[in-house]
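First up is the structure itself, then whatever we jot down about it.
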Amino acid sequence: MPLPEVCVVFVMRTGADGLEVLLGDRLTGAGRGRIVGAGSALQRGETARDAAVRGLLEEVGVGVAASDLREAGVVERHFPTRRTLSEHATVFVCRRFTGVPAASATLAPRWFPLGEIPYGRMRADTVRWLPGVLRGGSVDARFTFGADLSTVVLEAS
């Protein structure tokens, strides 16, 4: 059975102290209390790129052109003890956007310098692939989480 499809977008800009990435405090759902990138579940008939454009606007009020999204790969998360959390995520990075990030009902965004990303507040898999993606690389990985829903027990590329 295919996994639910989602997308996640890491918007970047050059700030006063160098490169920064837009992340947010997840306010609802399974990731509540974690730091995440903005994104969305794909709706029927929607591509990951279309969902990324829509998700950024809905979650943080930022507009992007689909052509400005760099597809950086995929991450699959498997939760054998709670299959409803499992997902196939398409990862995007974007450096061109319009608007000022603002909080929504689901995400409270803020800019983080690349050296100050709070990986300890992110999912355990993210620290393994996000640094490379933010440096211009890509990801193609699958992670299986343990019964605690936090610990990665298996990683495959």
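The values are calculated or read from the model by the stated rules, or taken from the named source; none is laboratory data. Everything quoted here is computed from the prediction, not taken from an experiment. Cβ coordinates were reconstructed from backbone atoms using ideal geometry, including for glycine residues, and neighbour counts include every protein chain displayed.
A few notes on this one:
- Within this structure, VAL133 fails the test of being among the hydrophobic types (A, V, I, L, M, F, W, C), in a strand (DSSP E or B) and either at pLDDT 95 or above or surrounded by 13 or more Cβ atoms within 10 Å (Cβ to Cβ) (or both).
- Residue match in region 82-103 (condition: farther than 20 Å from ASP17 by Cα, surrounded by 16 or more Cβ atoms within 10 Å (Cβ to Cβ), in contact with a Ser or Thr (Cβ under 6 Å, 6 or more places away or on another chain) and not polar (S, T, N, Q)): no
- Test result for GLY55, in a helix (DSSP H, G or I) and either more than 12 Å from the chain's Cα centre (by Cα) or not aliphatic (A, V, I, L, M) (or both): yes
- Residue match in region 116-128 (condition: surrounded by 13 or more Cβ atoms within 10 Å (Cβ to Cβ), within 13 Å of the chain's Cα centre (by Cα), more than 17 Å from ARG26 (Cβ to Cβ) and aliphatic (A, V, I, L, M)): no
- Under the condition of being in contact (Cβ under 8 Å) with a residue 40 or more places away in the chain, farther than 20 Å from VAL53 by Cβ and in a strand (DSSP E or B), the residues counted in region 1-25 number 5.
- Counted residues, region 84-101 - those being of a type in the set (Val, Ile, Thr), in a loop (DSSP other than H, G, I, E, B) and in contact (Cβ under 8 Å) with a residue 40 or more places away in the chain: 0
- Residue match in region 56-75 (condition: buried (at least 20 other Cβ atoms within 10 Å of the Cβ), within 20 Å of ASP148 (Cα to Cα) and not charged (D, E, K, R)): yes
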